[in-house]
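Everything below concerns the one structure shown next.
Coordinate-derived values only; no laboratory data. Predicted model, so just to flag it, every value in this text is computed and none were measured. Cβ placement follows ideal geometry from the backbone for every residue including glycine, while neighbour counts extend to all protein chains displayed.
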Amino acid sequence: MKNFKTGILSFLLFAGVLVSCTNTGTKENPVKEAERVNDQKFEKPDQKNAQLLVDAWLNGNYVMRMADTARKFVTTDDGKRLAGMITDTYMKINDRIAKMAAAKQITLPADISDQQKRKLGDIENKKAKDLDKEFANAMVREQEDAIKLYEKSAADATDSDIKSFFTATLPELHANLDMAIKSRDVLSK
């Protein structure tokens, strides 16, 4: 468990360093700031590729943080297994996104959106009895949304590396969806 927490901390620190190196220091929303910097940096086709990575990064960070937060509060073994799997998967996915963004000089947001932060706060306010089931339901929805995002991104990307990343990541997301569906079904009984 200690290695896992150290791994998450290392990842978040790496991401923070990566993002802070490109941050202009304004108080603007971190998502809008990253988009603005990328729009200034790239021509139209490359702006689209940058936006695809930004969207995947936001999705991944949000889902990873949701699973990590839920892991602290879920009470069932199925809920804990699901939270652990989702956290691990997205930590790896986001690491690949961060490395690709750095290589392609794409600015990623320093944090998730304010709306995503509010949703995370809602998790902590759920009753323990309801949290496991609601978390599993949320993970089914989030994985379905992620799969749609990655399929569309694979189709829309014009950069071959970015297109390959989205295509290659889809099996991981399908595995997460399968696990989320199984957990939801067990917890709904």
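See the values below:
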item	result
Ranked list, fewest to most other Cβ atoms within 10 Å of each Cβ, for 69, 158	158, 69
Order of 150, 62, 90 - criterion: other Cβ atoms within 10 Å of each residue's Cβ, fewest first	62, 150, 90
Residues of type aspartates and glutamates that residue 189 reaches as a straight line, Cα spacing below 14 Å, ignoring anything fewer than 8 places off in the same chain	78, 130, 132, 134
Cβ charges +1 (Lys, Arg) and -1 (Asp, Glu), total dipole of segment 126-189, debye	460
